[in-house]
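Notes to accompany the following structure.
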Amino acid sequence: MPITATCTCGKSVRVKDELAGKRARCPGCGQVLTIPAIPDPVMAPRPEAITSQPTAPVSTPASTIDSPPADTARPPSRWSWRGITAVLALVIGLGLGVTAGLKLLWPDQFGPLVLFSPRPVDFPPEPTQPQRPPVRPIVLDPVDPLPKEKLSKPKRHNPAVLAPVELQADLLRTAVKQHMHSLVGNQTKVAILVDGGGQRKLEYMDLNKLPAGAKLAETIKPQRMIVVSAAFPYRQQLDLCRAAMQLSSLAELASDLNRPRFLPLQVRRRTLDGSAKVLEDWSELNPAPYRELMVAAVSNPEADDLKKVTFPAFAMDRPALARGAYPPLRLSTLNRAAQALADESRVKPACAVLAPALAKDDRQPDALPKSSAPGPILVPEQCLVRVLDVTVQPGLIYQYQVRVRLANPNFGKPDLVVDPAMAAVAELAGAWAPERPVSVPVSGETFVYGVELDNREFMERAKADPRLLGDKDATFVQVHRWLETAAVDPANANTSVPVGDWVTATMPVRRGEFIGRKEPVEVATWYPTLERFALAVPIPPAPANPLLKPVAPPRGLAIDFSTDDLLVDWHGGRIVHALRLDEKSIVDVREDANAELLILSADGKLRVRHSRADMREPSRVQRESERQSWLEVVRNQKP
């Protein structure tokens, strides 16, 4: 049966009877104690022999005392060894059952004992059943109950700010439309179109004193620019803000009190040379030139399918192009989001679009009306991110990264956030995107190609320059140049007109000469009074003698195509061989072969141009084709 041992610390433990007489460690204080031995079983006396009063001595005859006692028969005992064994087994079984139950309920109080025989050794517990993890009760200190309003509003945290995805970058050399203005004294005046004598003319007036219905005059400005576009996960960003602010719905987030406020986009740029060497490390893009451009620029309308995903908080406005169009967006996620929003708007025309709000700016087109309980709203999955860089220069490589910023909704509210440090941050910024910067190379604006002339073109040029007929040192090149402005009167630089287009010219060049010279070229420019493009009319030079016949004006403006490239040598091209048929007759046989030109460029490198390859070069063919098509449109347009 189990043996109970009591330690000096007062803790009692029950162990099996097999451990009697051995030493063990107390689970309470760790002292070594000795397990007591099992006491011998004591036979209980008969009930008759037990009395509560003492008996008087009985006198016995001497004979009775001196003689040996008579053999008297004892009564049979009620306890047999079988009964004792059964009782002991029952008691041991009950003890083991009680011990197992107590061990399950309070494992810390009835843990395994460590026995020492002959020296203290760890005694592993007897495997009785699978071990279970101890279950300890959790004691909570009494605290004051929180108010109901604090229990219903958990603490906020700052939302994470996402980064734009799926970027594209496009380089444009073009001309943009601007309103004509002039600074007179300290006042800026704008030009309007007025009718006078059957012809339109320009008149400059104060911007604040324009008559009703006045038509602002427009001009063009040549412009290089890089347009960086991306898609921003707007719906996902709002979900993060709603969860961080512990709000139940986006409708609650759209209220004036909770509406997220975005800060202007951050754009940084790195400049490299043509060999990818860093010229200017990462620096924030200066927005001043863009703002200066947009002060007088005519705004370009957004495409109908992108209006509902284009917002001032993320997309810079674009100036209107004088001709042509901006490259289409190749952002598949944005295009799908715009189409889905357009479909949903047709089904729910009464729903307003939740536009991103700008911090410190109340101009929110297509935004929700200011109300604490807005009605049904539509939230686009993606919105357009667009950045314009109008300060790029030819021959360089530009890299860009964009970052979205959010005004911290928890700023100055330490009681509402889980960590008071969160309320000390005024703005939250996302990561710079893309991780690998987008690179845009800006090519040069003068190109030289070797070309071949057919017989008709050669004879037309030979009429203007008879030296070409017998000149074996001359070959032909074609020069392409981006032209910003051109002078109508070569003798007067103040007669320049804006062009903003590519011009091309084919000209002869000889060995040892620099490539390029002035050539008359047809140029289309903008006429504000006509409100359209027209071919620029050159001003003929005045004759030296007034009595002489005036000099005929050239067929185009004199454009300077001079370059720093030197023609070292060339071979092939138009070759004439003298073929003797007989003793008296000799004929010339012309061979049009591929012309190979060895050119020394301004950087000191020798380059070889092949006329046959240059004639098929895609960029040359495209520029020449677009130019001829545009001139044809200008010539044939109605006045």
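The values are calculated or read from the model by the stated rules, or taken from the named source; none is laboratory data. Fair warning: this is a prediction, and the values are worked out from it, not measured in the lab. Counting neighbours? That spans all protein chains shown, and the Cβs are built from the backbone with ideal geometry, glycine included. What goes into the accessible areas is simple: the full protein's heavy atoms, side chains included, and nothing from ligands, DNA or RNA. Shrake-Rupley method; radii C 1.70, N 1.55, O 1.52, S 1.80 Å.
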Study note, to complete from the structure: Applying the gyration tensor rule to the Cα atoms of segment 461-559 (axes a ≥ b ≥ c; rounded if a/c under 1.5, else prolate if a/b exceeds b/c, else oblate), the class is oblate
Review point. Any idea of Phe411's accessible area? Nearest 10 Å², probe 1.4 Å.
Key: 110 Å²
Revision key, fill the gap. Kirkwood radius from Cα pairs of segment 184-319 plugged into Stokes-Einstein at 25 °C, 0.890 mPa s, gives D in µm²/s equal to 122 µm²/s
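With all protein chains present and a 1.4 Å probe, how do Arg291, Arg156 order by accessible area, largest first? Could you put the intermediate results ahead of the total?
On the way: Arg291 150, Arg156 35 Å².
Order by accessible area, largest first: Arg291, Arg156.
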**Study point:** Entries of Lys463/Lys638; Lys463/Lys584; Lys221/Lys605; Lys518/Lys605; Lys308/Lys638; Lys348/Lys413 with Cα pairs more than 27 Å apart
**Key:** Lys463/Lys638; Lys463/Lys584; Lys221/Lys605; Lys308/Lys638; Lys348/Lys413
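Under the classification rounded if a/c is under 1.5, otherwise prolate if a/b is larger than b/c and oblate if not, where does segment 193-233 fall, given a ≥ b ≥ c as square roots of the Cα gyration tensor eigenvalues? Intermediate values should be presented prior to the final figure.
Numbers: a/c = 3.75, a/b = 2.31, b/c = 1.62.
Prolate shape, in that a/c is at least 1.5 and a/b is the bigger ratio.
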Exercise for review: Taking 7 Å along the Cα-to-C-beta vector as the label spot, tell me the Leu378-Arg532 distance in nanometres, rounded to one decimal.
Suggested key: 3.9 nm
Check your understanding: What distance in nm separates the simple spin-label points at Lys348 and Val568, each placed 7 Å from Cα in the Cβ direction?
Key -> 7.1 nm
Practice item. Please give, to one decimal in nm, the separation of the simple spin-label points placed at Arg291 and Lys209, each 7 Å out from Cα toward the Cβ. Key: 2.9 nm
Exercise for review: Quick one: order Asp17, Asp588 from most to least accessible surface, probe 1.4 Å.
Suggested key: Asp588, Asp17
**Study point:** Dipole-positive endmost among Leu631, Ala578, Gly604 within segment 570-638 (Cβ charges, Cα centre)
**Key:** Leu631
Review point. Ignoring ligands and nucleic acids, what accessible area does Lys155 show with a 1.4 Å probe (Å², nearest 10)?
Key: 100 Å²
Practice item. Please calculate the 1.4 Å probe accessible area of His181, with all protein chains present, and give it to the nearest 10 Å². Key: 100 Å²
**Study point:** Alpha-carbon Rg/Rh ratio, for segment 408-525, with Rh computed the Kirkwood way
**Key:** 1.46
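Give me the percent of the accessible area of segment 449-544 that comes from carbon and sulfur atoms, probe 1.4 Å, all protein chains in place. Don't skip to the end; give the middle numbers.
Values: 2580 of 4800 Å².
The computed percentage sits at 54.
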Point to revise | Per residue accessible area in Å² of segment 221-328, where ligands, DNA and RNA are left out and the probe is 1.4 Å | key: 46 Å²
**Study point:** Size of segment 234-290 as Cα extents on the principal axes (Å, biggest first)
**Key:** 54, 23, 14
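Give me the percent relative contact order of segment 150-237, please, defined on Cα pairs under 8 angstrom at least 6 residues apart. Walk me through the intermediate numbers first.
Working: 128 pairs, mean separation 36.6, N = 88.
Relative contact order comes out at 42 percent.
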Revision key, fill the gap. Rounded to the nearest Å, the spacing of the alpha-carbon centers of segment 252-299 and segment 603-631 is 35 Å
Review point. What are the ³J(HN,Hα) values, in whole Hz, obtained from phi via the Karplus relation 6.51 cos²θ - 1.76 cosθ + 1.60 with θ = phi - 60°, for each residue of segment 504-519 in sequence order, with x given for Gly and Pro?
Key: 9, 7, 9, 8, x, 8, 10, 4, x, 9, 6, 7, x, 6, 6, 9
Practice item. Could you calculate the contour length gain from Asp305 to Val608, that is, 0.36 nm times the residue separation minus the distance between their Cα atoms, to one decimal place in nm? Key: 104.2 nm
Study note, to complete from the structure: Once the dipole of segment 188-313 is set up from charges on Cβ (+1 Lys and Arg, -1 Asp and Glu), the residue from the list Gly274, Leu253, Phe232 lying farthest towards its positive end is Gly274
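With a 1.4 Å probe and all protein chains in place, put Val298, Val385 in order of accessible area, largest first. If you can, show how the numbers build up before the last one.
On the way: Val298 30, Val385 0 Å².
Sorted descending by solvent-accessible area, the residues read Val298, Val385.
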